[in-house]
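Worksheet: one structure, shown below.
The values are calculated or read from the model by the stated rules, or taken from the named source; none is laboratory data. Fair warning: this is a prediction, and the values are worked out from it, not measured in the lab. Counting neighbours? That spans all protein chains shown, and the Cβs are built from the backbone with ideal geometry, glycine included.
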Protein chains: 2
Amino acid sequence: MDDFTYAVSTKILFGRNKIEQLNEEIEKYGDTVLLVYGGGSIKKHGIYETVMNLLAKSDIECVELPGVQPNPRIETVRTGIQLCKDHEIEVLLAVGGGSVIDCAKTIAAGVYYDGDPWNLFLVGDSAIRAALPVGTILTLAGTGSEMNGNAVIMNEATQQKFAIHHDLLRPKFSILDPTYTFTVPPEHTAAGIVDICSHILEQYFSPTKDSFVQDRLAEGLLKTCIHYGPVALREPTNYDARAQLMWTSSLALNGLLGYGKATDWATHAIEHAVSAAYDVTHGLGLAVLTPAWMEYVLSTQTMDRFLEYAQNVWGLSGSTDTVARQGIEKTKEFFNSLGMPSSLQKLGVSEQKLKDMATVAVTFGSIGKFQKLNKNDVLAILKNAY
Amino acid sequence: MDDFTYAVSTKILFGRNKIEQLNEEIEKYGDTVLLVYGGGSIKKHGIYETVMNLLAKSDIECVELPGVQPNPRIETVRTGIQLCKDHEIEVLLAVGGGSVIDCAKTIAAGVYYDGDPWNLFLVGDSAIRAALPVGTILTLAGTGSEMNGNAVIMNEATQQKFAIHHDLLRPKFSILDPTYTFTVPPEHTAAGIVDICSHILEQYFSPTKDSFVQDRLAEGLLKTCIHYGPVALREPTNYDARAQLMWTSSLALNGLLGYGKATDWATHAIEHAVSAAYDVTHGLGLAVLTPAWMEYVLSTQTMDRFLEYAQNVWGLSGSTDTVARQGIEKTKEFFNSLGMPSSLQKLGVSEQKLKDMATVAVTFGSIGKFQKLNKNDVLAILKNAY
């Protein structure tokens with residue numbers, strides 16, 4: 001097991017009507033809030049009104065940043081930073097899914113950063129020295145951003161989508177009310193489930209030996225997705241299914257699975273290159289790329305891990321190459337059963353662009369820890385996924 | 001799934017030589033330390049010297065409270081509180097296993113409590129309003145006290161051993177260096193493993209339906225104990241076995257398994273009554289009482305949970321009463337294979353005392369959430385374990 005520091009400081013308020021504790025949590029950090037949200041679904045479903053009524057009760061001043069895109073743009077971050085400076089914002093409140101939260105986190109760090117915020121993504125995590133406190137109200141299970149220090153932002157001009165990571169970016173509190181996900185449409189519910197699975201798999205496939213406990217926990221979270229994913233699609237208002245998926249999404253990427261081992265993240269890097277070029281939904285890209293990555297890296301050297309996966313997650317028995325391949329096939333079938341696309345072509349990607357995307361994916365050098373991938377490897381995976 | 005608030009604030013520094021970060025962590029809270037430790041094994045193995053040398057480097061003033069008992073006594077807590085007041089202590093540093101940490105936590109709360117600290121255990125958790133910051137250096141895996149807000153203290157005069165729980169008692173930081181457990185003797189290593197298993201089982205056996213993810217995580221932690229327990233006994237200096245058990249002990253009782261569901265804790269209440277009367281090692285008592293409790297509460301109503309346990313933890317197949325009993329038998333065999341005793345008699349308990357212990361176990365009323373137990377139930381379990 002590798003050394004690690006575990007400091008998962010986010011307070012989670014989980015359950016129905018936990019929003020009632022919103023003001024109490026905000027007031028620990030200030031009384032001037034930047035409310036960050038997306039395309040307006042929070043208005044349609046009444047959450048916006050609830051938040052505004054609550055904030056008014058405690059005379060919390062509220063400035064709004066609406067319109068955060070599903071792949072949040074660096075321009076929106078810049079606008080947010082300016083709003084924070086103009087209005088002396090003390091707390092950011094992100095209401096939405098991962099994109100909204102990621103945008104709020106980047107604003108929070110950008111306020112304290114002297115250059116253009118896109119530089120944070122180019123210079124790297126060490127450029128982050130301070131950040132405004134962020135609170136979140138989650139409306140979509142998937143990214144796990146509500147309990148971690150990661151943020152992914154897109155630069156349309158350069159067709160790049162990069163991530164930053166810092167403990168300073170962990171939300172101070174996150175309100176997880178599973179009923180807020182009752183109205184999430186099937187495609188987004190499914191994309192969220194694939195995103196959770198992908199986060200687990202990126203950490204499960206690791207070069208570190210003796211990560212037994214982390215691996216058993218990962219298998220437990222995967223089984224939860226496999227069990228409740230179809231239930232949530234069939235019965236969108238099934239509280240337990242929504243609750244289990246929501247909590248699993250937070251646990252999948254808060255450090256629990258990755259601390260103590262090296263983790264891969266090649267599939268995410270490739271998907272970011274795809275969605276930077278085509279603005280596809282992250283989960284849809286991952287559904288196509290994950291099995292393609294698995295097929296590419298399966299070899300006699302990596303066989304053991306694939307066999308464990310096939311046996312412990314999918315209940316297959318036997319230790320042959322065929323069983324390992326069946327495990328990958330099961331993954332594909334599961335994603336397809338959720339209504340996910342099976343190829344990049346079906347996502348509208350042009351074959352001519354694959355090379356460019358491979359180049360973007362290795363901007364900072366080779367990717368992947370379970371298996372190192374260079375540009376040619378990435379191109380082969382993209383072709384396999386096409 | 002039940003509602004919950006997750007705020008596991010303890011920072012874990014995990015790995016070899018993490019003690020080098022001790023001063024940095026202490027200085028966040030003050031520079032006058034009460035060093036709490038036990039019977040001197042930390043002197044024998046050099047940890048005491050390392051700590052003292054480190055503290056001296058930063059001119060951190062250090063007052064000592066040695067001699068904390070394996071079942072820590074309320075008298076020691078009283079002495080500690082007086083030391084804190086006399087020396088204006090700002091931080092408590094517990095170096096040892098769960099007993100030492102529990103003692104330090106109770107001192108931390110007792111400093112701010114107006115009455116005798118034993119009243120905290122009688123009045124209940126709401127009596128805790130403030131606590132000094134506690135840091136820990138763990139030398140024995142088992143209680144999980146290094147990452148939670150629980151403390152168990154014994155009152156010899158009244159033959160009682162009770163627990164308090166409060167988020168204010170969570171250590172601010174805990175240093176987990178698996179090499180510190182290399183010298184733990186086999187009996188204590190085994191007792192620690194049983195303690196971890198018991199913590200997991202107390203939360204696994206629950207009346208809450210739809211705790212799927214919590215249950216899969218619990219099974220993963222149990223499998224880790226079953227896998228690495230024998231390794232740690234056979235090869236005491238096997239880093240990975242010690243590391244996996246150490247981290248599992250923290251995860252088993254930091255909230256991860258219990259948040260979102262009702263948890264049982266009847267076996268712990270009964271064991272506390274036994275060890276209050278006989279000062280037996282907690283893990284040894286649990287090794288005897290856990291299977292006895294399982295046998296007593298197994299019924300057609302509780303069968304499903306026992307079958308899941310037999311299948312998912314022990315890999316048994318089938319859904320009959322026999323399979324459920326085999327799961328219990330496997331538990332017994334596992335504990336015995338670690339060298340644990342198989343009856344209260346072998347622990348030196350007198351049959352005449354069983355009734356008194358049953359009375360103490362239900363001091364605050366009936367116990368257990370998976371199945372409610374009154375005094376007669378407890379007595380039946382004690383007799384079964386005898």
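Structural remarks
- Filtering the stretch A:185-212 to residues that are within 14 Å of chain B (Cβ to nearest Cβ), outside any helix (DSSP H, G or I) and surrounded by 24 or more Cβ atoms within 10 Å (Cβ to Cβ) leaves only A:S211.
Quick grid of which residues meet (1) of a type outside the set (D, E); (2) within 19 Å of the chain's Cα centre (by Cα):
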{"site": "A:I101", "(1), (2)": "yes, yes"}
{"site": "A:D125", "(1), (2)": "no, yes"}
{"site": "A:L132", "(1), (2)": "yes, no"}
{"site": "A:G142", "(1), (2)": "yes, yes"}
{"site": "A:P171", "(1), (2)": "yes, yes"}
{"site": "A:D177", "(1), (2)": "no, yes"}
{"site": "A:Y180", "(1), (2)": "yes, yes"}
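- Among the residues of the stretch A:82-119, those identified as over 25 Å from A:G46 (Cα atoms) and either crowded, with 24+ Cβ neighbours inside 10 Å or not assigned by TED's automatic domain parsing to the domain that holds A:Y48 (or both) are A:T106, A:I107, A:A108, A:A109, A:G110.
- Selection count where residues are aromatic (F, W, Y), under 25 Å from B:E25 (Cα atoms) and not in a loop (DSSP other than H, G, I, E, B), scope the stretch B:151-184: 2
- Verdict on B:V95 being assigned to a strand (DSSP E or B) and either over 23 Å from the mean Cα position of the chain (by Cα) or within 14 Å of another protein chain (Cβ to nearest Cβ) (or both): no
- Put simply, of A:T158, A:T143 the only residue that is surrounded by 24 or more Cβ atoms within 10 Å (Cβ to Cβ) and among the β-branched types (V, I, T) is A:T143.
- Taken together, the criteria place A:G67 among residues that are at pLDDT 95 or above and surrounded by fewer than 22 Cβ atoms within 10 Å (Cβ to Cβ).
- Boolean, B:T263 is in contact with a helix residue (DSSP H, G or I) (Cβ under 8 Å, 6 or more places away or on another chain) and either assigned to a helix (DSSP H, G or I) or without any contact (Cβ under 8 Å) to a residue 24 or more places away in the chain (or both): no
- The stretch B:316-340 residues that are touching a residue at least 40 places away in the same chain (Cβ under 8 Å), paired with ones that are in a helix (DSSP H, G or I) and of a type in the set (V, I, T) (beta carbon under 8 Å, 6 or more apart): B:T331/B:T290; B:F334/B:I226; B:F335/B:V194; B:F335/B:T290; B:L338/B:I193; B:L338/B:V194; B:M340/B:V194; B:M340/B:V288
- Residue pairs meeting the criteria (Cβ under 6 Å; at least 6 apart or on separate chains; first farther than 22 Å from A:V77 by Cβ, in the stretch A:32-51; second of a type outside the set (A, V, I, L, M)): A:H45/A:T183
- Qualifying residue in the stretch A:228-250 (condition: within 30 Å of B:W247 (Cβ to Cβ), surrounded by fewer than 24 Cβ atoms within 10 Å (Cβ to Cβ) and within 11 Å of chain B (Cβ to nearest Cβ)): yes
- Failed item in (1) more than 10 Å from chain A (Cβ to nearest Cβ); (2) closer than 18 Å to B:F335 by Cα; (3) more than 14 Å from the chain's Cα centre (by Cα), with B:A273 passing the rest: (2)
- Answer residue from the stretch A:66-90, given it is assigned to a helix (DSSP H, G or I) and aliphatic (A, V, I, L, M) and is nearest to A:F121 (Cα to Cα) among those: A:I74
- Tally of residues being within 14 Å of chain A (Cβ to nearest Cβ) and part of a loop (DSSP other than H, G, I, E, B) across the stretch B:1-46: 11
- Qualifying residue in the stretch A:34-48 (condition: more than 24 Å from A:Y278 (Cα to Cα) and touching an Asp or Glu at 6+ places or on another chain (Cβ under 7 Å)): yes
- Inside the stretch A:11-66, residues that are among the polar types (S, T, N, Q) and more than 26 Å from B:S9 (Cα to Cα) make up a count of 4.
- Matching entry among B:T322, B:T331, B:T281 (being more than 22 Å from the chain's Cα centre (by Cα) and either crowded, with 17+ Cβ neighbours inside 10 Å or not assigned by TED's automatic domain parsing to the domain that holds B:M154 (or both)): B:T322
Per-residue answers, yes or no, for (1) in contact with a Gly (Cβ under 8 Å, 6 or more places away or on another chain); (2) without any contact (Cβ under 8 Å) to a residue 60 or more places away in the chain:
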position	(1), (2)
B:A130	no, yes
B:L138	yes, no
B:P186	yes, no
B:I196	yes, yes
B:E202	no, no
B:S211	yes, no
B:C225	no, yes
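- Screening the stretch A:213-227 for residues that are under 15 Å from A:G192 (Cα atoms), touching a Leu at 6+ places or on another chain (Cβ under 8 Å) and more than 8 Å from chain B (Cβ to nearest Cβ) and picking the one that is surrounded by the most Cβ atoms within 10 Å (Cβ to Cβ) gives A:C225.
- Out of B:A287, B:A324, B:A310, sole residue that is among the small types (G, A, S), over 23 Å from B:D377 (Cα atoms), touching a helix residue (DSSP H, G or I) at 6+ places or on another chain (Cβ under 6 Å) and modelled with pLDDT of 95 or more: B:A310
- Within the set A:A232, A:A243, the sole residue that is under 22 Å from A:T281 (Cβ atoms) and part of a helix (DSSP H, G or I) turns out to be A:A232.
- Of the residues making up the stretch A:175-211, those that are among the polar types (S, T, N, Q) and either in contact with a strand residue (DSSP E or B) (Cβ under 7 Å, 6 or more places away or on another chain) or over 16 Å from A:G285 (Cβ atoms) (or both) are A:T179, A:T181, A:T183, A:T189, A:Q203, A:S206, A:T208, A:S211.
- Odd one out for A:T300, checked against (1) within 28 Å of A:R216 (Cα to Cα); (2) modelled with pLDDT of 95 or more; (3) touching a helix residue (DSSP H, G or I) at 6+ places or on another chain (Cβ under 6 Å): (3)
- Residue match in the stretch A:349-360 (condition: in the same structural domain as A:G315 (by TED's automatic domain parsing), within 19 Å of A:D264 (Cα to Cα), at pLDDT below 95 and within 20 Å of the chain's Cα centre (by Cα)): yes
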